[in-house]
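Structure first, then comments.
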Amino acid sequence: MASPQTGNRAGGVRPAEWIALTPSWLAMLWLAAKAQWFWRTRPDLSFGWVVLLLCGYLFWEAWEKRPAPASKSPWWGALLAAAGAAMLFLMQIYQAALGMNAACVNGVAAGAMLIVCGNLGFVYGWRGLWHFLFPYAFLLVALPMPSFLNGPLVHGLQRWVTTITVEFLNLIGVPAVHSGTLIELPVGAVGVNEACSGIRSLQSTVMATLFIGYVSFRRNWMRLALVLVGMGLAVLGNLIRAVFLSLSAMRGGIKAVNEVHDAAGWSILLFTLIGVALLAWGFGKLEKRYDAAAAGLSKSAEP
């Protein structure tokens, strides 16, 4: 008999559970169907297909340790699912009137997650909702940010990268001034566009650090630290990219920027990936030390 803590790990798959979770799977498929337009048309979100596969992997891992179904389905599960269905209906009307955009797909995501939370709660209760929430919610990192968040974040990063780049160039003896998001050099102006601001690599870095942290670490503070340090690494990489492009312009003129722009982008991507891998390795070593220290304390406390 399966224990209430571990559910049905030894008993394999129960068809009734798969059927009971059908609403949440249909909701996520509907969300993926809406999001795939962005994955096909926006290079910064093309990693969405990878995220979809990773969601399947996370769900399969969570399924092996799932809790037992709730003996009594809570009323709030049906309420959340009904609210989610209403939200999806409203978003379908919105799409028919205004077309697909970031606001629409985020509304679909909100409705889908309400259905998921309601369905999980209805089948497993609070324990199952928290157990399965991350594998479902992980897909949200592959969605476009709402405009009220994306605009200020992009412009803020552009201004910050421009300002820091100009200060660094002046520090090493290169005359430069910033005008908005332009770096004014004696040979011309170098623009810090959306890609150079770091916003494109930032979202993919958040995706990578969230996944690595969830599967590798047990402590939530360590997972959060990995995400935050990874975000800083992504912004730092694009700051280096802006400095490199500015120095290239000084050496070979503005036309040299176009010649090295793509190569610089790929180099910074590689820099970020290697940095995240090293961070994950270092954080893993740190967690092992914490585990060893905790084990030593528990042994010393024994009579």
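The values are calculated or read from the model by the stated rules, or taken from the named source; none is laboratory data. Fair warning: this is a prediction, and the values are worked out from it, not measured in the lab. Because the Cβ atoms are built from the backbone with ideal geometry, glycine has one as well, and the counts that use them run over all protein chains shown.
Worth pointing out:
- Counting residues in the stretch 39-61 that are in contact (Cβ under 8 Å) with a residue 60 or more places away in the chain and over 29 Å from Q95 (Cβ atoms) gives one or more.
- Filter pass, F217 being of a type in the set (F, W, Y), touching a residue at least 40 places away in the same chain (Cβ under 8 Å) and closer than 26 Å to K285 by Cβ: yes
- Candidate set: the stretch 182-202, residues that are surrounded by 20 or more Cβ atoms within 10 Å (Cβ to Cβ), not basic (K, R) and not in a strand (DSSP E or B); chosen: the one modelled with the highest pLDDT: L202
- Screening the stretch 15-79 for helices (runs of 4 or more DSSP H) wholly inside it with 3 or more residues that are at positive phi, charged (D, E, K, R) and in contact with a strand residue (DSSP E or B) (Cβ under 8 Å, 6 or more places away or on another chain) returns no ranges.
- Lone unmet requirement of (1) more than 22 Å from G48 (Cβ to Cβ); (2) within 20 Å of the chain's Cα centre (by Cα); (3) in a helix (DSSP H, G or I); (4) touching a residue at least 60 places away in the same chain (Cβ under 8 Å) for G232: (4)
- Only one of the listed residues (L157, L153, L139) is crowded, with 19+ Cβ neighbours inside 10 Å and within 16 Å of the chain's Cα centre (by Cα). That residue is L139.
- The residue list G107, G121 contains one member that is within 22 Å of F38 (Cα to Cα) and modelled with pLDDT of 85 or more, which is G107.
- A residue that is farther than 24 Å from G230 by Cα, free of Cβ contacts under 8 Å to residues at least 40 places away in the same chain and either out of contact with any Gly (no Cβ under 8 Å at 6 or more places or on another chain) or not aromatic (F, W, Y) (or both) cannot be found anywhere in the stretch 139-157.
- Within the set A112, A81, the sole residue that is farther than 24 Å from S204 by Cβ and either modelled with pLDDT under 95 or crowded, with 21+ Cβ neighbours inside 10 Å (or both) turns out to be A81.
- Counting residues in the stretch 239-262 that are in contact (Cβ under 8 Å) with a residue 40 or more places away in the chain, part of a loop (DSSP other than H, G, I, E, B) and on the phi < 0 side of the Ramachandran plot gives one or more.
- The criterion of being in a helix (DSSP H, G or I) and in contact (Cβ under 8 Å) with a residue 24 or more places away in the chain does not hold for A96.
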